[in-house]
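Student: This is the structure I have questions about; it appears just below.
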Amino acid sequence: MKLSQNWLKRYIDFKLTPEAFVEGLTMLGLEVESYEDLSKKYGKFVVGEVLERAKHPNADRLTLCKVNVGSEIQEIVCGAPNVAAGQKVAVALVGATIPHDQHEPNGEPFVLAKAKIRGVESNGMICSAYELGLGKDADGILVLDAAAKVGTPLARHLNQNDVIYEIGITPNRSDCLSHIGVARELSLLANKPVKLPAVKVKESKEKSSKIATIRILDKKRCLRYSARVLRNLKVQPSPKWLQDLLTSVGVRPINVVVDVTNFVMLETGQPLHAFDYEKLAGGTIVVKTASVGEKFSTLDGKDRILNEETLMICDAEKPVAIAGLMGGMNSEISDSTTTILIESAYFDPSGIRRTSKYLGLSTEASYRFERSVDLENTAHAADRAAQMISELTGAEVLTGIIDVYPRKRKIPPIALRVSRANAILGTNVSKNSVSSILQKIGIRSRSGSGDSLHSTPPSYRNDLKEEIDLIEEIARVYGYNRIETKTKAEIDFSSSVSANRFVDELRDVLVGSGFNEIVVNSLQDDKTSALVEQRAVRVLNPVSTDMQALRTNLVAGALHVIKRNRYHGTRDLRLFEIGNVFGLVDGKAPGSLDAYREEERLLLALSGAISPLSYGIQQRNADLLDMKGEVEALLTKFCLDKYRFIYYDTRSPLTDSTVAIEISNTYAGYFGKVKKGIADLFDIEDGACVCELSVEVLSRSWSVARTYVPLPRFPTVSRDLAFVVDQALAQLKLEESIRESGGPLLASVRLFDMYAGDQVGIGKKSLAYALQFQSPDH
């Protein structure tokens, strides 16, 4: 946003150098991105007078001018068709920096040097408005007022003694999108009060309510609509002082009505719009939403196709403006306009933002409405505009402002604990001092019990809603540079390895094992979320229907990835993801921080063939035993040997034949085959096997320390044993019995065969194990 120093001084008297202005305002939270001192912009530019104009001897389109620049008479070659003897003109002397080069596509500035043009020496340049940065006219020179004094520095003649600041306004500080808003901040630096312009409207006898009516049909999108009616108006150019102020901040003057509405918006932050009253059918304003597919022609000459969320300003028959964005061609101010209706309203920020994005249309008004304007300022802004137009044109202001305000807003006080503020900021500010600090920025406070204050922010500070907001205000007014910074650094050599290192190691091992990492959005649609019976954490304001809930598992996202890859012809997949899942804590009320849990998990997924197509090898799809092998290999790699598998686990609603995994007697996760019904939903006809593990359990069980023993010197002794047992007996229980009975010399036990048939009897099975015995010393 551009700000004029001269304009700011209309509201507060300050004597800050540009450097002090930049530093002070930036420390208050309003970053000054750049500034330009206009008095230095036109160094080596003077008012000149063309004494003679003659044809250039070597060029048809050039003229040779003798120009009086005050101290001497210079010969200057000029290509403008409108140069003539007797004109007062803007002359750039040799060494001047021309703001815009009209012969360069981007109009970059350049330094003027003495040059020969077609054999004739030119000792300066007669400038156009474009070259001076004062307009877009580049075809002819800028002709100055005949009363201009020859030799006067151009900056003085043009009254270019201003400093223009470019300020970056954060979205929460919409109150500073105006000169008065920034003046309030400057009052903290200058320690002087803001002088607001006195608004007193001189009204006629006729009441505005007799000829104009305002109706708000959509009270959610339009909270307030204020209007003033003016008659006997003559549309004319604005006075020079008003045009100069608008031009200084990059706004092109148009006529007195439009210029005043722009001036009041830049002064107060409240966007205004003026309608030609005679073009409003029935003298009525109706605020309502558009119909789907409805077309409307805006002031920029473009036809806009509207939707059902577009808020429109209509008369009794037709739409006349897109609320908060732009007026229509059918109600614009023209030279023949004699009666106007000034609109000053409050529109819902989210609605304006959606409409702006939908139409691809952004204006100075929508920029402010999107960030919320002062709901209590609409009537004041309308009065201010009416007063100015009346004073500048002699227009008649009808009695009474039409102010439709269905639900008046009450600003609730915010409870502030002084001790809490000091604890957060590291200060020791007293309760009275805190109250005084808040008073400086318009926040009224009354004392509560203990060290508390009940503080009510002004209506223009829409960003102040909670205690922490007030604490931030205290910090910036008190001064960030006054708050002591305490730095403390510690190095702990005794702590265990960080979780980040474990995750990095985990990622390296899986990539080395042929897995490809995937990254899936933590937000998912309702349909995907409903695959799991767990309650999902809902998003209050989802960006789209695809992002309505936080995921409770990693499996569903992986199935989407498998589906997408299969559609692109990649069927054989080995995937992994390390990501967070979210859930609700049982017994906790949603809304409190302890009602939600977040857990980091590892997902493995196998789909398609287990090995690539090769001669002599028959392809087969990955099955549960392949996933079991991958899990065992991973756990072995991290020396997590205290694990066991628990078969027929039913905790996963997504998989069949689910096997639970325990590490050091702690549940770590599961693996299994995706249920056929769910696989079919994702068009994975041959299924997929998945594994989901808790990264925290894996990391906690991982021991970085390594113990090394020498390789055995003596050979192993192998024995194969077969046992006939009841068919209902779990293999794992038999294996555990063998290990307990094998003694210290039993090095390994492996199941290599299982048989069930007539030879072993009905209800029986034979399990065959390979046992290896080995001694380290004999």
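Student: Scan the stretch 675-703 for residues that are among the aromatic types (Phe, Trp, Tyr) and either closer than 18 Å to residue 510 by Cα or touching an Asp or Glu at 6+ places or on another chain (Cβ under 7 Å) (or both) and jot them down.
Tutor: Residues of the stretch 675-703 among the aromatic types (Phe, Trp, Tyr): 682, 702.
Matches in the stretch 675-703: 702 only.
Student: For the stretch 135-170, name all the residues that are open to solvent by 50 Å² or more (accessible area, probe 1.4 Å), over 12 Å from residue 48 (Cβ atoms), assigned to a loop (DSSP other than H, G, I, E, B) and touching a residue at least 60 places away in the same chain (Cβ under 8 Å).
Tutor: First, pick out the residues of the stretch 135-170 that are open to solvent by 50 Å² or more (accessible area, probe 1.4 Å): 136-137, 139, 143, 145-147, 149, 153, 156-157, 159, 161, 166, 170.
When the remaining residues are screened for being over 12 Å from residue 48 (Cβ atoms), the result is 136-137, 139, 145-147, 156, 159, 161, 166, 170.
Restricting the remaining residues to those that are assigned to a loop (DSSP other than H, G, I, E, B) gives 136-137, 139, 145-147, 159, 161, 170.
Scanning the stretch 135-170 gives 159, 161, 170.
Student: Then there is this: Report yes if residue 511 is surrounded by 11 or more Cβ atoms within 10 Å (Cβ to Cβ), farther than 16 Å from residue 600 by Cα, at pLDDT below 85 and more than 31 Å from the chain's Cα centre (by Cα), otherwise no. Steps first, please.
Tutor: Numbers: surrounded by 11 or more Cβ atoms within 10 Å (Cβ to Cβ): yes; farther than 16 Å from residue 600 by Cα: yes; at pLDDT below 85: no; more than 31 Å from the chain's Cα centre (by Cα): yes.
No: the conditions fail for residue 511.
Student: Okay, moving on. Can you pull out the residues in the stretch 290-329 that are surrounded by fewer than 18 Cβ atoms within 10 Å (Cβ to Cβ), farther than 17 Å from residue 363 by Cβ and not charged (D, E, K, R)?
Tutor: Residues satisfying the conditions are 291, 292, 293, 305, 307, 316.
Student: State all residues of the stretch 434-453 that are open to solvent by 60 Å² or more (accessible area, probe 1.4 Å) and in a strand (DSSP E or B); if no residue qualifies, say none.
Tutor: Matches in the stretch 434-453: 444, 446, 447.
Student: Tell me which residues, restricted to the stretch 248-306, are closer than 30 Å to residue 161 by Cβ, outside any helix (DSSP H, G or I) and in contact with an Asp or Glu (Cβ under 9 Å, 6 or more places away or on another chain).
Tutor: 251, 253, 255, 269, 270, 271, 272
Student: Filter the stretch 546-569 down to residues that are under 23 Å from residue 627 (Cβ atoms) and open to solvent by 60 Å² or more (accessible area, probe 1.4 Å), then give me how many there are.
Tutor: The first filter runs over the stretch 546-569 and keeps only residues under 23 Å from residue 627 (Cβ atoms), leaving 551-566.
Add one more test, that the residue is open to solvent by 60 Å² or more (accessible area, probe 1.4 Å), and what stays is 560, 564.
Final tally of qualifying residues: 2.
Student: Now, a different point. Count, please, the residues in the stretch 662-676 that happen to be β-branched (Val, Ile, Thr) and within 43 Å of the chain's Cα centre (by Cα).
Tutor: At the first step, the residues of the stretch 662-676 found to be β-branched (Val, Ile, Thr) are 663, 666, 674.
Still in the running and within 43 Å of the chain's Cα centre (by Cα): 666, 674.
Adding up the residues that qualify gives 2.
Student: Tell me, yes or no, whether the stretch 466-479 has at least one residue that is at pLDDT below 95, surrounded by 12 or more Cβ atoms within 10 Å (Cβ to Cβ) and over 29 Å from residue 175 (Cα atoms).
Tutor: No, the conditions are met nowhere in the stretch 466-479.
Student: Hey, another quick one. Residue 77 is checked against (1) open to solvent by less than 30 Å² (accessible area, probe 1.4 Å); (2) without any contact (Cβ under 8 Å) to a residue 24 or more places away in the chain; (3) outside any loop (DSSP other than H, G, I, E, B) and fails just one. What number does that condition carry?
Tutor: So the condition that residue 77 fails would be (2).
Student: For the stretch 216-224, indicate whether the set of residues that are under 19 Å from residue 383 (Cβ atoms), crowded, with 19+ Cβ neighbours inside 10 Å and of a type outside the set (A, V, I, L, M) is non-empty.
Tutor: So far as the stretch 216-224 goes, yes, one or more of its residues are under 19 Å from residue 383 (Cβ atoms), crowded, with 19+ Cβ neighbours inside 10 Å and of a type outside the set (A, V, I, L, M).
Student: Quick check on the stretch 566-584. Is at least one of its residues among the hydrophobic types (A, V, I, L, M, F, W, C), in contact with a strand residue (DSSP E or B) (Cβ under 6 Å, 6 or more places away or on another chain) and assigned to a helix (DSSP H, G or I)?
Tutor: Here is the first cut: in the stretch 566-584, the residues among the hydrophobic types (A, V, I, L, M, F, W, C) are 573, 575-576, 578, 581-582, 584.
Subset that is in contact with a strand residue (DSSP E or B) (Cβ under 6 Å, 6 or more places away or on another chain): 573, 575-576, 578, 581-582.
If we keep only those that are assigned to a helix (DSSP H, G or I) too, we end up with none.
Scanning the stretch 566-584 turns up no residue that is among the hydrophobic types (A, V, I, L, M, F, W, C), in contact with a strand residue (DSSP E or B) (Cβ under 6 Å, 6 or more places away or on another chain) and assigned to a helix (DSSP H, G or I).
Student: Moving on to the next point. Can you name every residue in the stretch 706-723 that is open to solvent by 80 Å² or more (accessible area, probe 1.4 Å) and among the aliphatic types (A, V, I, L, M)? Break it down into steps so the answer makes sense when it comes.
Tutor: Filtering the stretch 706-723 down to residues open to solvent by 80 Å² or more (accessible area, probe 1.4 Å) leaves 706-711, 713, 715, 719-720.
Once the filter is applied, which keeps residues that are open to solvent by 80 Å² or more (accessible area, probe 1.4 Å) and among the aliphatic types (A, V, I, L, M), the stretch 706-723 yields 709, 711.
Student: What are the residues in the stretch 361-394 that are farther than 13 Å from residue 261 by Cα and among the β-branched types (Val, Ile, Thr), if any?
Tutor: Passing the criteria: 363, 373, 393.
Student: Any idea which of (1) under 17 Å from residue 476 (Cα atoms); (2) modelled with pLDDT under 95 is the one residue 411 doesn't satisfy?
Tutor: Status for residue 411: all satisfied but (1).
Student: Going by the conditions given, is residue 177 more than 38 Å from the chain's Cα centre (by Cα) and at pLDDT 90 or above? Spell out the reasoning first.
Tutor: Details: more than 38 Å from the chain's Cα centre (by Cα): no; at pLDDT 90 or above: yes.
So residue 177 does not fit the description; no.
Matching residues to (1) surrounded by 14 or more Cβ atoms within 10 Å (Cβ to Cβ); (2) hydroxyl-bearing (Ser, Thr, Tyr); (3) at pLDDT below 90:
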site	(1), (2), (3)
581	yes, no, no
587	no, no, yes
603	yes, no, no
612	no, no, yes
626	yes, no, no
641	no, no, yes
648	no, yes, yes
655	yes, yes, yes
690	yes, no, no
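Student: Name the single residue that is nearest to the chain's Cα centre (by Cα) among those in the stretch 2-19 being open to solvent by less than 40 Å² (accessible area, probe 1.4 Å) and more than 26 Å from residue 93 (Cβ to Cβ). Break it down into steps so the answer makes sense when it comes.
Tutor: Here is the first cut: in the stretch 2-19, the residues open to solvent by less than 40 Å² (accessible area, probe 1.4 Å) are 3-5, 7-8, 11-12, 14, 18.
Retained after the next criterion (residues that are more than 26 Å from residue 93 (Cβ to Cβ)): 3-5, 7-8, 11-12, 14.
On the way: 3: 24, 4: 27, 5: 30, 7: 30, 8: 29, 11: 32, 12: 33, 14: 34 Å.
Here the residue is 3.
Student: Same structure, new question: Given the structure, is residue 230 among the hydrophobic types (A, V, I, L, M, F, W, C), outside any helix (DSSP H, G or I) and either free of Cβ contacts under 8 Å to residues at least 24 places away in the same chain or open to solvent by 30 Å² or more (accessible area, probe 1.4 Å) (or both)? Write out each step before concluding.
Tutor: Details: among the hydrophobic types (A, V, I, L, M, F, W, C): yes; outside any helix (DSSP H, G or I): yes; either free of Cβ contacts under 8 Å to residues at least 24 places away in the same chain or open to solvent by 30 Å² or more (accessible area, probe 1.4 Å) (or both): no.
Taking the combined requirement at face value, the residue does not satisfy it.
Student: Right, here's the next one. Taking the stretch 608-634, which residues are more than 20 Å from residue 686 (Cα to Cα) and in contact (Cβ under 8 Å) with a residue 40 or more places away in the chain?
Tutor: Result: 631, 633, 634.
Student: Restricting the search to the stretch 34-67, which residues are in contact with a Ser or Thr (Cβ under 8 Å, 6 or more places away or on another chain), surrounded by fewer than 16 Cβ atoms within 10 Å (Cβ to Cβ) and either in contact (Cβ under 8 Å) with a residue 60 or more places away in the chain or assigned to a loop (DSSP other than H, G, I, E, B) (or both)?
Tutor: Passing the criteria: only 43.
Student: Something else now. Taking only the stretch 171-195 into account, find how many residues are within 12 Å of residue 25 (Cβ to Cβ) and part of a loop (DSSP other than H, G, I, E, B).
Tutor: Of the residues in that region, 1 qualify.
Student: List the pairs whose first member sits in the stretch 433-459 and is in contact (Cβ under 8 Å) with a residue 60 or more places away in the chain, whose second member is open to solvent by 60 Å² or more (accessible area, probe 1.4 Å) and among the aromatic types (Phe, Trp, Tyr), and whose Cβ atoms are under 8 Å apart, counting only residues at least 6 apart or on separate chains?
Tutor: Sorted first by the residue in the stretch 433-459, then by its partner, the list stays empty.
Student: Tell me the residue from 726, 758 that is at pLDDT below 90 and either surrounded by 12 or more Cβ atoms within 10 Å (Cβ to Cβ) or more than 60 Å from the chain's Cα centre (by Cα) (or both), please. It would help to see each step written out before you state the result.
Tutor: On the way: 726 fails: at pLDDT below 90.
Of the residues listed, the single one that is at pLDDT below 90 and either surrounded by 12 or more Cβ atoms within 10 Å (Cβ to Cβ) or more than 60 Å from the chain's Cα centre (by Cα) (or both) is 758.
Student: Every residue in the stretch 78-108 that is more than 19 Å from residue 129 (Cβ to Cβ) and touching a Gly at 6+ places or on another chain (Cβ under 9 Å), please.
Tutor: Passing the criteria: 94, 95.
Let's see how each residue does on (1) open to solvent by 20 Å² or more (accessible area, probe 1.4 Å); (2) among the charged types (D, E, K, R); (3) assigned to a loop (DSSP other than H, G, I, E, B):
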| residue | (1), (2), (3) |
| --- | --- |
| 362 | yes, no, yes |
| 367 | yes, no, no |
| 373 | no, no, yes |
| 382 | no, no, no |
| 391 | yes, yes, no |
| 407 | yes, yes, yes |
| 428 | yes, no, yes |
| 455 | no, no, no |
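Student: (1) surrounded by 14 or more Cβ atoms within 10 Å (Cβ to Cβ); (2) out of contact with any Asp or Glu (no Cβ under 6 Å at 6 or more places or on another chain): which one isn't true of residue 636, the others all being true?
Tutor: Every listed condition holds for residue 636 apart from (1).
The values are calculated or read from the model by the stated rules, or taken from the named source; none is laboratory data. No experiment lies behind these values; they were computed from the predicted model shown. We place every Cβ from the backbone using ideal geometry, glycine too, and count neighbours over all the protein chains shown. Ligands, DNA and RNA are excluded from the accessible area calculation, which covers all protein heavy atoms including side chains. Shrake-Rupley method; radii C 1.70, N 1.55, O 1.52, S 1.80 Å.
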